[in-house]
Every structure is written in structure tokens, then in C-alpha cells.
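Data block below; observations after.
The values are calculated or read from the model by the stated rules, or taken from the named source; none is laboratory data. Just so we're clear, the structure is a prediction, and the values are computed from it rather than from any experiment. Cβ: placed from backbone, ideal geometry, glycine included. Neighbour counts: every protein chain shown. What goes into the accessible areas is simple: the full protein's heavy atoms, side chains included, and nothing from ligands, DNA or RNA. Shrake-Rupley method; radii C 1.70, N 1.55, O 1.52, S 1.80 Å.
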Amino acid sequence: MLEQHLAALPILLPLIAAPIVLLVGRSSLAWMVATLVSGFATIAAWQLLITCLASGSLSYAVGGWMAPWGIELRIDAANAFVLLAVTAISTLVLIYSKDSVAKEIESDKHLLFYTAHMLCLAGLSGILVTGDAFNLFVFLEISSLATYTLVSLASDRRCLTAAFRYLVMGTIGATFILIGVGMLYMKTGTLNMLDLSVRINLYESSRTINTGLAFVMVGVGIKLALFPLHMWLPPAYTHAPSAVTAFLASTATKVAVYVMIRFIFTIFGADHVFNDMGMDLILMVLAVVAIFKCSYMATVQNNVKTVLAFSSVAQIGYMVLGIALVSAAGLMAGLIHIFNHALMKGALFMAVGAVFYRVGSVNLQDFRGLGKHMPWTMAGFTLAGLSIIGVPLTVGFISKWYLVSAALDQGNWLVAVLVLLGSLLAVVYIGRILEAAYFQKLPEGTDPEQVKEVPYLMLVPMWILVIANLYFGIDTSLTTDAASAAAQWLFENSQTSVPQVMEMKP
Amino acid sequence: MSFILDYYNYWVVVFLMMTGFYIVISANNLVKKIAGLNIFQTSVFMLYISMGKVTGGTAPIVVEGVELYSNPLPHVLILTAIVVGVATTSVGLALIIRIKRAYGTVEENEFKNSDDAI
Amino acid sequence: MNLWGFVEPSQLILLAIIVPLIGGCALLAARKSPNLREAVTITTSIILFTIVLAITSNAFNGVQMQVTWVELVPGIALAFEVEPLGVLFALVASFLWIITSIYAIGYMRGHHEKNQTRFFFCFALAISSVMAICFSRNLLTLFVFYEVLTLSTYPLVTHAGTYEAKKGGRIYLGILLSTSIAFLLLAVLGTWSVAGILEFTPGGILNEVNNPLVLGVLLVLFCYGIGKAAIMPFHRWLPAAMVAPTPVSALLHAVAVVKAGVFSILKVAIYIFGIDGLKEVPTADLMLYIAAATILLSSCIAMTKDNLKARLAYSTVSQLSYIVLGALLASSVATAGATLHIVTHAVGKITLFFCAGAIMVAAHKKNISEMAGLGRTMPITMIAFAIGSLSIIGLPPFAGTWSKWFLFVGALEADKLIVLAVLTISSLLNIAYLLPIPIKAFFNSPEKNEQPWSWSQTKEAPLPSLIAIVITSIGCLVLFFYNQPFIELINLIPGVSTNTQELAP
């Protein structure tokens, strides 16, 4: 019974849990329910990934309506991989958020936080597993609306304007996707992704479909904070509660990158998007500019959360660059970086949240002397920071290795050089924080008794991520196998010629 | 001329879309921004509805003696999209209420700190 | 001498890497009692040395030793293999670790340094990564532990925690990390991309590549990417690292770290390009002249420095380029000379640094101008300093003679007279910036009224430090007369030979 509906579980569990969490009435109880549900979703995602790696893709007809008429949930190596990362991070963040939320969010809003988190998780899982383009839009909006709410829950009033800006930008992005999907439907009469890909292939070149592609790419570009459409991201990440930032930074934009991959490779076909429309050059230039501009912006910020937010935009540049290399190796590098970056940024933002928990603000000068007073937090921050820089034996190095070797495989030495130079800027912005933490003394007037290590419920999830940073940097078999299977699958299914057309009955 | 007349529904959509977009960008008042966003979304609803129309077809309700119906699927889709739009509007308005409480204004140019600009 | 006969030969490599780590953890556990902690350090270093000796005897007996850890990227694993060049470097590093540990006890206590446990722990970590570098089997493994070495020595450089230390540390980490990430990683990936393998192979792996542009770019990337070799203009980190406590400067910045740099360059020259292949690389001459320029320029800069450690640092920059020069001459004898120079320069330079530290502890003097007459109070130290200087200059009967000899012969053989000229001028410059120090100490007296010298005047550094100084300076002498094991090791390296006759037409 459960196995049969395995594909729907990552959506259904959090969706059902959301109202329950609101009704249980006590913050600690809500936390427990949410964490358990998220944990179950992780187990389901793990099962799905194993099934997919063993037997290819998996299809589930919602409500028993067969595709292409009904909504289809479709799971293959690519989305099972990302799904596992998202649900696992969600569980860890939920464990972490008990103390963090108690500190940063007013007590009457705790239940709302857990509810919104559940809705967001349901939306993100939905985006990942759905096989229907319109359904994807709906899940995108479910997760986005929950995200706006989450961002606005912080006690600092600036989170409100940040959330509002995010809402305006996000809605425009979603509406653009809606327009694009509408154009595709107009031309093809279908919304199922596989069906769409077959039917789009039938047209040599259609202005409607190309316009649809443009709308979708801009819409997704806003959602994934592709430079120069990233302006909503830094304020939202800076002012949101720390647990929310940790969750969003490591999942929401990653899922949007996945949406981009899905649209390019499954729906439009890589050949059409890159060769006919020349999208690879556009994406590559934007990605490289993002890496440099935003890494530079990260080096001049004072608020550490803003530093990491700009760093996130730069890192998204690496993922998009992987996609824009138009090769299975490049796509694989992008997919690996989705997973790896989730690990690094999750750990970093959790560490920053821990600092906020004790110090009460996260400007650069607040980090002074923390190396002595919060040794475990700062050690975790250091390791995750080294991972961002791309030091060997961390996941960051693995990402970089694959990305640069994918670029070199194509003889693209310029991109390889630029990627490596860009990562030098990470040395600067991480180094500034570490210097403050380890080489300066606690500011005058701070009570050293107050600034001590955070509770275990915050430390343990942080360190699980830090250790994952190291583990997957040394034993890369799981990530590379999954990512290369996914990349292979996406690339081949994107390049193959037209299979038989599913006729729609009148 | 026929180019304009044949595609008049699209012209309406494009006009509404640009109007909404312009309001979102230029309005100083946050409520007006939300209103602009609504107009922007509505234009897309129109796009969907108008493309479901089949020439000569009636409303997609099964009646005896009628053979040709318009496509009902876009209507269903847009029902969902309208729900999403309403939800977005309500979240936006709720945010505005909290902004008003926190800052005492909903006019963008009256925020003192330039960091808060939207 | 093989104390470790009961262990399988291949496992010795793992032991060599892990023993310093275990020692590091043990000394963390023993942090409450300084005596126990130091005992742990010295015991660990001695155990490590015996392991390396066992590896050496296995290498002489022709036993193959290799280990593979995890596969980082499909096709490339963290893997280790014993080969003569690595054995040579491991011998030097592990032996000098013992001496430095003894020295450090006297120095750190005499100087009342803080955080001594962290110091000894990072030291052990650095040695462990040096061992891994010595025995790495492919470029990726080398790169990984090269970076680990950089990071583990950063806390040592910034040990004092002062503003200068922070600034020095920033330059240190900045240059070493940037060059390795921007150039070395690119070179490694480029090699992987054009050759398809990264294994160190006798004769090189780039012979199949016929594109001179790619080869030329790769060589430049390797030379500058291995920033630890301190080729100008990426040499600034080495003087900057001199803010570290003197034992660090001595072992890491005269032996382990910088030698890891030139060792990597030698590895790349011998096993990636191949000595014969190197002749075909169009930029080899360019890098050769840059190395030659580095030798002369840094010698000139050394003369202007009054701070003793700064002068020694620039002298190191210059001496490192000897080795790079030897590697790039693409001649069998020159490479042998370069390899031997790793040993002889290590022993000579560590003596000099030990002396500098001893002077700082006992007389609290950093600048050369203040050292007049110091020979009266610290005679043993200053004699050792003179011996070390003479060895660096390359005068018999001291160790440095041989490596310079082979370099000269190699330059002649490669028909590069300009290199010969550079080596000669540089030797003269060495005399000019090193010898005045002991001369001043012994023959210039600050006081007018000379009293006959007596032992009661002496005020030497603490005994452990003094013992270390004496051992290394005797080492300079011994290696002139008895360097047979090293020569034999060098002759085991494929394509490298100290035998000039064999190659003569």
C-alpha cells in the first residue's frame, strides 16, 4: 500500500502535517511532529532514489488518471537525488530550529513557523516529483508563498520589506513561468512534460514555443536568483530567521536550478535550447559575471548573512555554468554542486544562526573572539568555509574538480581559468570572518559567560552537515554515481529523436 | 488592420500586462503595487481563457444537440491560478499591514533607511 | 636496519602518515603536563624516523610498496607509492623533525610561548602531510596534501597572534592558496585532460602530447602553481612567514614546506614531463631564466636585510631556485644535483635558523647590526653558524659542496654557460651576505677594553637547543665525507644519475 504510493509521500506527508502542526497547539509538540514528518519524507526519498538507481524512472498517476490527461508524478535519478538532499536538509534544519526559533521568533508565531515550513517542504517536493508543467507552477507558488511567510517571521522589522520585495519579484517570476507554460499549451495542447517534449520536437521552429522558452527562462531565472535577477535574495536571506535562511539557502534556489534543468533538458530539449537558440552563451556569460560580481560583493559586506547570501548567488553561477557547458559532464558537475552546495551553505548558515543565538547579531565585528568562546561552532564554520573555497578533501573541491574538468574536456580553458580565479574571492570573504573569529578578542563589555557554546540540538545538525561536507568530499561514490546517472539520463532523453507520439483522444 | 483585429484578445492581454507591470515598478504605495501585480496576473488569466475558445464552440457544458465545445482545460487551470493569485494577494496585504505597524507608513519613499526600499 | 620487519612493507606508508597524527592526538591528551607532552613528541618523531628507515631499506632491496585509499574521482584515487625521490625527502624531513623537536623544547620554554600544545599538534599534522606528499603516487594526492600542508602550517605562522603575525599569515595563506588553486589545480586538471592519467610514471606521461603550446603553458602553471618553491614574483610568502616561532621557520620554512615545493617541482619534472620530455617544452628555458633571476635578485635583497631571519629567508628563496634550476636544466646530472641540494641545503639552513633562534632566546637580538662581539658570549652557536654558512656557500669540507658540484657539471653538460655564470656569482653573493655575520661576531667587539675571553662569559641558549645545533652542524660536516646512501638513492631515481661518464659522448 505504502510502497505503491511512495512517489506521492514526500508531498503528502508534509501537506497533511501542515494543519496538524497548527492544531497541536504547543510549540514543542509541533516541532516534534514536523521533524518526524520531515524524517519520514527523507526515508521515502531515500527509497525512491534507490529504486530509481536500480530500475530507471518511476511514474505515478495521481488519482488514477493516466498521463497525459491526469497529473503524473515522475521520478528519475535526477529529481530523486535532489529530493533526497531537500528532505534531508529540511529534517536537519527542523532539529536545529527548536532552539533557534525559540530565540528569534515571537512565541505566538512558532506554530505558524512549523506550518509554513511544512507547506514549503510540500511545495518543494512537489516541484521535484511532478511530471506536469502546470502542476509545477502550482507547487512553485505553494512553496514560494510559504517562503514569503517564513521570511517575514523574524523579529527585526526589516524582514517585512525584504519579504515584500521577495513576494513582488517572486510573483512576477512565477507569472512569467505561467505565461511560458500557456504558450506551450497553446501550441501543443498538452501539459505533461514527456508529452510536451515529444510534441515540441515535432515543430521545426515555432515562434510561440521560442517565446514560451524565453518567458520560462526569465521566470526561472528570477526564482533561482540568476544574476542580474538576484536582487531579492540578499535582503531576504539577511533578514529572515536563521533557521529559515539555512533551509532556503540550501533548498529553495537548488530546486529552482532543478526546474531550469528540467525545462531545458526534458521539455525543450538541449539541442533546441542551446544549438538553435544559443542559450548556452547567454547563460555562460551571466554565470561567469555572477561568480565574479557577487563574490566581490560578498567581500565588501559587513553583515555575515549578507556575505553568505551573495556567496550563494555566486555559487548558483557555478551550477548554471555547469548546465551551460552543454555536456553530460557539465550537467553532472552542476547536479553535484546542487547537492554539495546545499551541504556547505546549510552548515554555514546554521553556524551563523548559532552566533546569532548567543551574540544577538551577526555583523563582522560580532564574530570577534568567537574562536575561543564558541569553539565548536567556529570549527564547523571553518570547515564549511574551506569547503566553499574548494580545499581538497571537502565537497567544494569535488564540485570544482568536475566543473573545471568538464570545461577542459570541451577545450574551454577560459572558463576553467575563470572558475578557479573566482574561487579565490571566496578565500577573501571567508578569510575575513575567520580572522575576526580567531585573531581578535571578544569586544569590551561583553560578558564572556554569555557567549558560550550553543545547545546540542543546534550543534548536532550543524556538525552532521559539516561531517557530510568532509565525508562526501572523500568518499564521493554516492554523489557521483547518482549525479552521473541523472546527467546521463537527462542528456540522453533530451537528445534522442522522436519516439512514438502519444495521440490525444478527441 | 486585420493583424490588429484578428489578434485583439492578445492586444488586450499585452496592454493589461504592461499596465500591471508598470504599476508594480513605478507605484510608490505598496497597496498599489499589489494591485498592479493583480492586473499583471489577470492578463495571464485572460490569455489562458481566450486560447481555450474554439471557433463556433459553446461553453463546455454537455447539452443535447451541441457538438462543438470550447476547450474546458484552460478554464480549470486558470481556476487554480486564480486561487494562487488570491493567496498571493492576501499574503501581500498581510505583509503590508505589518509593514504599516512596524514603519508607520506604506509609502516607499517614506522609509528612512535606504536598505528598506523595496 | 629494519625494526619494522613484522609489518607488511606497503603498510609502512600508512604508518608513516598516521604515526605523526596519532602522536599529535596523544600530545593533545597529554597537554596538562609539558614534560609528558614533549616526551610524546620526541618519541613519535623517533618512531617515525625508524619507519622511514625501514621504508628506505625496503626501497634499496627493491621491494614494491604501494597503497590505495579511496577513489576521489573515478580513475583517480588517493594513492601512495614509494619511490627513491620521496624516500630521500622523507628521510630528511623525519630526521630533522627529531632534531627540531629537541630544539623546540628549549626554544619554546626559553621564550615562554603560549599555546604550546597547539603548536606541537599542528607541527605533527604538518609532518604527517609532508609524509603523504613524499609518498604520493599521483598528482591529485600530491595536490590534496600540498593544500593540507598549507592549512596546517597557517596556525603555526600566526602563532604569536599579534598584528604582524596576522599580516604575515594573510600573505602566507593568500599566496600559497591562490597560486595552488588558480595555477596548480588548473595544471593538474589540464594534465588530466590532455594525458588522461595523473600517475607519476618514470619517463613522464606527457610524451604523447605533441602540442607545444599546451606543454609550455602547463610547465609555467606547474612552476608558479607550486608556490612553495618561491619562484619570483610569488616568493613574498616566505619572508612573511618568518613571523613564526623559530622552530617553525627552521623545520617548515627551511625544510618541510619549501622542500615540499621544490620536491613537487622535481616530481613533476621527472615523472610528469620526463627529463627528456622537458627538453622539448618551449617554456623550459623561460622558467630556467626566471629561476636564475630569482637566485641573483633574492641574494641581492638578502644583503640589504638587517633582520637575521629575513636575510635567511631571502637566502632560502635563492637556494630553492637552485633546485628549480637543476630540475629545469633537463639534464640527468643537474637533476641529481638538485635532489642532493634538498638534503644539503636542509641541513645547512636548519643550522642557521637554529642559531638565529638561539641568539633570539639567549641574547634577545634579532638584527645583524647588534651581533658584534656575540662570539664571546655564544661561541658554540656562532661556530655552528659559520659551519652552516660555509656549507650553504658550498666550500669543502662541508655538505653543500657536492650538490653545487653536480649542478655545475649539469649546467656544463646542458651547455648553459649563463647558468654557470649565475651559479658562480650567486656563490660569491652567498659569501657576501652570510660570512660577515660570524666574522662580526668573533672579530668585532662592542667594548673598548678587551678582556681575555673565558668560559664564564658564555651565555648560550638552553641545553636542548644547543644539542640540536651541534648535531646539525656536525651533519653538515659528515655529509661531505659520507653521503653515499643519498647518492645511491638518487641513482635509483629513473633517468637520474650522478655518473657523468655514462652520459658523455
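Assorted remarks:
- Over every Cα atom in the protein assembly as shown, the radius of gyration and the widest Cα-Cα span, Dmax, amount to 33.8, 133 Å.
- Largest-first ordering by accessible area, 1.4 Å probe, given options C:S94, B:S2: B:S2, C:S94
- Sorting A:445-457, B:9-21, C:370-382 by average packing, meaning the other beta carbons within 10 Å per residue, from highest down gives C:370-382, B:9-21, A:445-457.
- Helix axis angle, C:163-179 relative to chain C longest principal axis, alpha carbon, degrees: 10
- Protection proxy ranking of C:52-62, C:176-186 - average other beta-carbon atoms within 10 Å, highest first: C:176-186, C:52-62
- Cα-derived Rg over Rh, computed across the range C:301-420 with Rh taken as Kirkwood radius: 1.05
- Centre-to-centre, using Cα atoms only, the range B:1-53 and the range A:85-112 are separated by 39 Å.
- Dipole magnitude for chain C: computed about the Cα centre from +1 point charges on Lys and Arg Cβ and -1 point charges on Asp and Glu Cβ, it is near 1800 debye.
- Per-residue SASA entry for C:F49, accessible area with 1.4 Å probe, Å² rounded to 10: 40
- Cα gyration tensor of chain C - equivalent ellipsoid semi-axes, whole Å, descending: 34, 27, 21
- The A-B contact accounts for roughly 3100 square angstrom of buried accessible surface, both chains included, probe 1.4 angstrom.
- Counting only residues at least eight positions apart within a chain, or on another chain, the aspartates and glutamates with an alpha carbon under 13 Å from that of C:K167 are A:E435.
- Projecting the alpha carbon convex hull of the range A:351-506 along each direction and taking the average yields 15.1 nm².
- Overall shape of chain A was characterised from the C-alpha gyration tensor. The equivalent ellipsoid obtained from it has semi-axes of 36, 26, 20 Å, in decreasing order.
- Only protein heavy atoms count here; on that basis, with a 1.4 Å probe, B:I25 has an accessible area of about 120 Å².
- Excluding same-chain neighbours fewer than eight residues apart, the lysines reachable from C:K259 by a Cα-Cα span under 21 Å are C:K228, C:K267, C:K309, C:K349, C:K404.
- Here B:K53 is the anchor, and the aspartates and glutamates within straight C-alpha reach of less than 16 Å, apart from those fewer than 8 places off in the same chain, are B:D6, B:E67.
- Using heavy atoms of the protein chains and a probe of 1.4 Å, the accessible area assigned to C:I42 is about 40 Å².
- Solvent-accessible area per residue for the protein assembly as shown (1.4 angstrom probe, square angstrom): 36
- With a 10 Å cut-off around each Cβ of B:93-100, the average count of Cβ atoms from other chains is 4.
- Dividing the convex hull volume of the alpha carbon atoms of the range A:236-395 by its residue count gives 102 Å³ per residue.
- Annotation for the C:A interface, with buried accessible surface near 2600 Å², both sides summed [1.4 Å probe; non-protein components not counted].
- The shape of chain B can be summarised by an equivalent ellipsoid whose semi-axes, obtained from the alpha carbon gyration tensor, come to 39, 18, 7 Å from longest to shortest.
- From helices alone, the protein assembly as shown scores -23500 deg cm²/dmol at 222 nm; the rule is -39500 (n - 2.57) for each run of n ≥ 4 DSSP H residues, then divide by the residue total.
- Point-charge dipole on Cβ atoms (K/R +1, D/E -1) for the range A:6-495, about Cα centre, debye to 20: 780
- Heavy-atom accessible area ranking, 1.4 Å probe, most first, across C:E488, A:E72: C:E488, A:E72
- In this label model, B:R101 and A:Q365 are separated by 3.2 nm, measuring between points 7 Å along each Cα→Cβ vector.
- Heavy-atom accessible area order for A:R199, C:R236, largest first, 1.4 Å probe: C:R236, A:R199
- Protein heavy-atom surface of chain C, 1.4 angstrom probe: 66% of the accessible area is carbon and sulfur, with nucleic acids and ligands not counted.
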